[in-house]
Amino acid sequence: MWRGVIYRLLQAIPVVVIFAVLVFMLLQLLPGDPAVAIAGSEATPEAIDRIRTQLGLDRPLLEQLLSWFNRLAHGDFGKSLILNQSVVSAVVERLPVTLSLAFLSLMITLPAGISLGVLAAYWRNTWLDSFVMVTALLGVSMPSFWLGILSVILFSVTLGWLPPAGYVPITQGLWPWFSALIQPAVVLALFQIGFLARITRSAMLDVLDQDFIRTARAKGVDEWHTITKHAFRNTLIPVVTVTGIIISLLIGGSVVVEQVFALPGIGRLIVQGILARDYPLVQGTMLIFGFSFVMINVLVDIVYMLVDPRVRFG
Amino acid sequence: MLPRIPRSFLLLSIAAATALFATSPSRAQTRGGTLIYSTVGGPASLDPYMAGSLIELEVIHEIFETLVAMDENYNAKPMLASKVDISNEAKTFTFSLRKGVKFSNGQEMTSADVLASFERFKKVSTNAPLLADVDKYETPDTYTFIVHLKSTNAVFVDLLKSSTYPLVVLPASQKDKPAREVEIIGTGPFKLGEWQKDSHLILLRNENYTPDESAGDADGFAGKKTVYLDSVRYNFIPEANARLAALQTKKSDVIGDLTLDLAKRLDGAAELSTLKTFPYCQQYFVLHASNGLTANPLIRQAVREVVNVDDILAATGILSQRNPSMLYPPSPYYAGDMAAKYYDRKDPKKARELLKQAGYNGEKLVLQTNSNYPYMRDSILVLSEQLKEAGVNADVQVIDWMSNSNNLQRGTGNWNVSTTSFCSPPLLGPPQWKSTVYTFPHIEKDPAIDAAFDSLFKSADQGARKKAWFDIENRFLDQAYMVKVADTGSLRGYNTTRVGGLKPYFYLRFWNTWLK
């Protein structure tokens, strides 16, 4: 198994390098000038040029790319133009927010998505199945910014149950942390619940038609054990795959939700960076994101090997 | 003869002080508490010399102060200087500093700090050309600072009041700090407490703050500042609905950047109200005077002739009001009557005549705007329809704000008409319009405007300066380098049962504001 893990890690290196080059090139393709964002819309062209020189934006692209790679090789992800702090420290400051949001959202998504999928499959072609699938479709279809706004109006303004925006670190108390995050976490989870429920239902339907399920029932195993012990365990491969994707989507989806609920996380950092054409910030953050996604996939592969001993890599 | 400016910088007389005392508002103010203000975003940097965005400046003016500051009527008034003496030829400016003014670190402000600040400003500021004509500085004693210019500049003091890229006084220890790396130490009523970028910023009462006891009540950025609040917390909430919800749920005392639509949700809420601020900014159509069709003044004038302001304002739905001029009343330079003949022309027939004279033959006229600011996009869409009515082949391009702004400032992107808003120059007055006028490289240097600006800067007589500005504004609007749309306002919301003393102004000011 360790050989497989090392093989997957080695495979990840060229992926991250290619990703880094792509991120750099894509950002350069974006129109707009970071010096303009920093100088302000009323600055003179001379002032803008002065800032471009200060930031090294007047150097050739290849020189900027090589210089970035050189710094990356030394563990330096660069310095944000607008925040005036290192990209790594900016990301580290905001990581707890995004991870808290993703964690809470995942804790809602997994039980809700899997159980809804299993229920829909077990009672296939009944009103429950239709209800779950329509709800899943709605969850997948509704934009999270719109859901977020509706949720704030209902739960914060009308009912007064939850704070409308902002983040409270867990160090200031479990309840304040939870009440600040539960609303955005549910909004973020709704899309993933629908997605996971549909995949789980589909995988479960395949398994429920298998001979070994029929055999288990014929041998008199009760339905609870047939479903949980025999059927569900055999749906785990697609569910684990989707869970890996969902974790990536949760981090990606945080870009919108953090903006709506004013959560100072990595998603908001990226939006801020893109709007201001803060190349080092966006490059560094995207690279850290990309690296995380690659690692999540490696982890998913390891889980495959644990769940199904037949799976081997390398 | 001395220019009129220095007279306005004499210390307030005892009579004025007595009058102030007699007319002070009832002192129901209470001291203490934390006011929570939710804004659309937080500052990227608090280096005053690099600060051009309203978000940054709103915080900066609570922490730092300038030698002279802008009052309610946009005139320069002493702040850290007690008076300014100007030599006859307006080349030497002697600033007498207020004694006993302390920075938030407890150190007293002296002429050495002022000198170091001017030197750092020249080195790092985006607005460094402000000091380009300085010959030398002198600090004959602890409380006197003298600026010698190479040539006459009758409006130098007026330029120093600028609230954008403000030339605030920093401790001399900050002299060699690179751009955006300055320590946040000012002489203002508040000092920086906690700052978590993207989340919140907390200002604390500056216990070392030394108010100008001789000044009148708060007057713009000038006047006596009294600090009642223990602290002000700025929460950065980009989503407008969430900001409004924060006010409605009493998680915020004041919120910024409300739209007219959202403000309707405050109707009927007894304890919540809106705070409308005029003047704030001015919206213009900018015409590319060195690209294709709009290089021809007749075409530019045709564009001006089709503009129907009311239709545009109805479509944009932002807080706005009509004003033909590039300045606001009661500025002595306000030229509303003169500018009226170029404003809200809504005359497509005249536009057709001008187009015919220009030999227009249905070529494409590119209108470029952005999707980030809906009011800009909507006003360009309405303008395109108005142009089509006059027979113009208008092509609308909607791009992102960064690209749009970049194209505007560099003249790139092959556009003919675009739109933007100016906030500082209309407030600060004619001298500040100069750099803005020439910000756009596509507005060709116009000898008539150059000569008038030269006269404006060199005339000691205000009458002559006024005439120079009228010539500039007339030329600018006549040649349709830009077409004025409207004055746009700022709409904020606040809790009337919680907040006292809050007055509408260009930036929110939390001095002389208290919690009830």
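A short reminder: the numbers here are calculations on the coordinates, not readings from a lab. Keep in mind that what you see is a predicted model, and the values were worked out from it rather than measured. Counting neighbours? That spans all protein chains shown, and the Cβs are built from the backbone with ideal geometry, glycine included.
Just a few scattered comments:
- Equivalent ellipsoid semi-axes - Cα gyration tensor, segment A:90-141, angstrom: 33, 11, 5
- Filter on B:91/B:341; B:83/B:467; A:79/B:434; B:102/B:197; B:276/B:350; B:99/B:197 - keep pairs with C-alpha separation over 31 Å: B:91/B:341; A:79/B:434; B:276/B:350; B:99/B:197
- Cα-based shape type of chain B, given that a ≥ b ≥ c are square roots of the gyration tensor eigenvalues and the cut on a/c is 1.5: oblate
- Normalising by residue count, segment A:188-277 has a Cα convex hull of 99 Å³ per residue.
- Counting only DSSP beta bridges whose two residues both lie in the protein assembly as shown, roughly 75 percent are antiparallel.
- Loop sites by DSSP among the trypsin sites (Lys or Arg not before Pro) of chain A, restricted to those with at most 10 other Cβ atoms within 10 angstrom, leave A:1-218 as the longest stretch without any of them.
- For residue B:396, distant residues with modelled amide H under 5 Å away: B:367
- Computed label-point distance, nm, for sites residue B:273 and residue B:148 using a 7 Å Cα→Cβ extension: 5.5
- Each pair of Cα atoms in segment B:316-400 enters the Kirkwood radius, and Stokes-Einstein at 37 °C and 0.692 mPa s then converts it into a translational diffusion coefficient of 219 µm²/s.
- Overall form of segment B:394-503 per C-alpha gyration tensor (a/c, 1.5; a/b vs b/c): oblate
- Expected-Rg normalisation [2.2 N^0.38 Å, Cα atoms] applied to segment B:104-164: 1.18
- Put the Cα centre of segment A:216-294 next to the Cα centre of segment B:210-280 and the gap is 39 Å.
- Residue-count net charge about residue A:285 - beta-carbon cut-off 10 Å; Lys, Arg +1, Asp, Glu -1: 0
- Annotation: amide H-H contacts under 5 Å for residue B:485 (H modelled 1.01 Å from N, sequence separation of 5 or more, or interchain): B:283, B:284, B:285.
- With each label modelled as a point 7 angstrom along the Cα→C-beta vector, the residue B:393-residue B:361 pair spans 1.0 nm.
- Whole-angstrom Cα spans of segment A:6-135 along principal axes, big to small: 70, 46, 27
- Computed lengthening from residue A:308 to residue A:2, 0.36 nm per intervening residue step minus Cα-Cα distance: 108.6 nm
- For segment A:238-314, diffusion coefficient by Stokes-Einstein and Kirkwood Rh (Cα), 25 °C, 0.890 mPa s, µm²/s: 176
- Cβ-Cβ distance of residue A:22 and residue A:74, R₀ of 25 Å, FRET efficiency by 1/(1 + (r/R0)^6): the value works out to about 0.70.
- Ordered by the number of other Cβ atoms lying within 10 Å of each residue's own Cβ, fewest first, A:291, B:510 fall into the sequence A:291, B:510.
- Kirkwood analysis of segment B:153-291, using all unique Cα-Cα pairs, places the hydrodynamic radius at 19.1 Å.
- Taken one residue at a time, the phi angles of segment B:185-201 give Karplus couplings (6.51, -1.76, 1.60, θ = phi - 60°) of 10, x, 9, x, x, 10, 10, 6, x, 10, 9, 10, 4, 6, 10, 7, 9 Hz. Gly and Pro are set to x.
- Estimated vicinal HN-Hα couplings, Hz - segment B:126-137 in sequence order (Karplus 6.51, -1.76, 1.60; Gly, Pro = x): 4, 9, 4, x, 3, 9, 5, 8, 6, 8, 6, 10
- Our helix-only sum for chain A, with -39,500 (n - 2.57) per DSSP H run of n ≥ 4 divided by its residues, gives a mean residue ellipticity at 222 nm of -24500 deg cm²/dmol.
- Relative intensity, log₁₀ I(q)/I(0), of the protein assembly as shown from a Debye sum that treats every alpha carbon as a point, q = 0.07, 0.08 Å⁻¹: -0.63, -0.80
- With a Förster radius of 60 Å applied to the beta-carbon distance between residue B:372 and residue A:223, the computed FRET efficiency rounds to 0.60.
- Where labels lie 7 Å past Cα in the beta-carbon direction, separation of residue B:208 and residue B:448 in nm: 5.4
- Taking amide H atoms as placed 1.01 Å from N in the peptide plane, the amide H of residue B:516 lies under 5 Å from those of B:499, B:500, each 5 or more residues away in sequence or on another chain.
- With the helix formula -39500 (n - 2.57) applied to DSSP H stretches of n ≥ 4, chain B reaches a computed 222 nm mean residue ellipticity of -8500 deg cm²/dmol.
- For chain A, convex hull of alpha carbons as volume per residue, Å³: 177
- Between the Cα long axis of helix B:297-306 and the first principal axis of chain B there is an angle of about 80°, rounded to the nearest 10.
- The residues B:200, B:288, A:230, B:61, when put in order of fewest to most other Cβ atoms within 10 Å, stand as A:230, B:200, B:288, B:61.
- For segment A:224-231, 3J(HN,Hα) computed residue by residue from phi via the Karplus equation (6.51, -1.76, 1.60; θ = phi - 60°) reads 4, 6, 4, 6, 6, 8, 9, 6 Hz, glycine and proline entered as x.
- Net charge of the neighbourhood of residue B:497, taken over other residues with C-beta under 9 Å away and scored Lys/Arg +1, Asp/Glu -1, is +1.
- Förster-model FRET efficiency, 22 Å R0, residue B:181 and residue A:49, C-beta, rounded to 0.05: 0.60
- A simple packing score, the average count of other Cβ atoms within 10 Å per residue, orders the peptides B:47-57, B:382-392, A:13-23, A:132-142 as B:47-57, B:382-392, A:132-142, A:13-23, with the highest score first.
- Loop sites in segment B:77-174: GluC sites (Glu not before Pro), DSSP, at most 16 other Cβ within 10 Å: B:89
- Order of A:1, B:109, B:338 under a 10 Å beta carbon neighbour criterion, fewest first: A:1, B:338, B:109
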